[in-house]
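The values are calculated or read from the model by the stated rules, or taken from the named source; none is laboratory data. The structure displayed is predicted, hence computed values, not measured ones. When we count neighbours, we look across all protein chains shown, and the Cβ atoms used for this are built from the backbone with ideal geometry, even at glycine. Side chains are part of the model used for accessible areas, which takes the heavy atoms of the whole protein and leaves out ligands, DNA and RNA. Shrake-Rupley method; radii C 1.70, N 1.55, O 1.52, S 1.80 Å.
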Amino acid sequence: MAQRPIIILPDPKLRLVSAKIERVDDSLRRLIDDMIETMHEAPGVGLAAIQVAEPIRLLVVDVAKKEEEPEPQVFINPEILWSSEERATYEEGCLSIPEYYAEVERPASVRARALDREGKLREVLAEGLMATVLQHEIDHLDGVLFIDHISKLKRDRVIKKFQKAAKRAGDGSHVL
Ligand SMILES: [Zn+2]
């Protein structure tokens, strides 16, 4: 297993719509293992393949608490089948938008369908944090970021901040 670098804002790849996965094989399972390791090391509670620059519909989630055993879950080609009318607000962050947090309101529970790492179809009813994480990660597969759910004013501000940081990093080689 190996960790993979996580791409961050304003990397344009984050806006790609990821492609459906046609085959669940060993090479995909290697990527899954790398993503789980990357997510645990970060640490984060979810990671979409596009965040490690792979534009395919795959995500990993682990909402186990720090003192609990890790419990990574794999979702291949996930689809939301049903969302509750009831909504819930969580303070969200994203490994691709480091150190920025904002409250986002989403459906409080969702029913989703996906393939697991063996390629078997499964259905889950996600509630609480799991529901938020699943929706956040599935958004990534469609090029949507959690900052798209906040006000335009706040979003423009955070995008500008990351654009400046990227520019500074790019200029860095000339600073002596
Ligand atoms: Zn994210």
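Results, tabulated for the structure shown:
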item	result
Spherically averaged projected area in nm², based on the convex hull that wraps the Cα atoms of segment 64-111	4.9
Within segment 1-99, GluC sites (Glu not before Pro) in DSSP loop having at most 15 other beta-carbon neighbours inside 10 Å	22, 67, 68, 85, 86, 99
With at most 13 neighbouring Cβ atoms within 10 Å, loop trypsin sites (Lys or Arg not before Pro) (DSSP) excluded, longest segment of the chain	121-176
Principal semi-axes in Å for segment 86-176 [√(5λ), Cα gyration tensor, largest first]	32, 18, 9
Student exercise, the chain dipole from Lys, Arg, Asp, Glu Cβ charges, in Debye to nearest 20	880
Anchor residue 20: lysines whose Cα lies under 16 Å away (excluding residues fewer than 8 positions away in-chain)	120
Restraint check, 13/161; 13/167; 13/154; 66/154; 13/164; 13/152, Cα-Cα greater than 23 Å	66/154
Inter-part distance where segment 61-75 and segment 142-159 are each reduced to a Cα centre, Å	27
Acute angle (nearest 10 degrees) that the helix 152-171 long axis makes with the longest principal axis of the chain, alpha-carbon atoms	60
Ranking by accessible area, most exposed first, for 35, 130 with a 1.4 Å probe	130, 35
Within segment 1-131, percent of DSSP bridges classed antiparallel, to nearest 5	95
For the chain, alpha-carbon Rg relative to the globular expectation (2.2 N^0.38 Å, N residues)	1.05
Among 165, 7, 131 - extreme Cα towards positive end, dipole of the chain, charges at beta-carbon	165
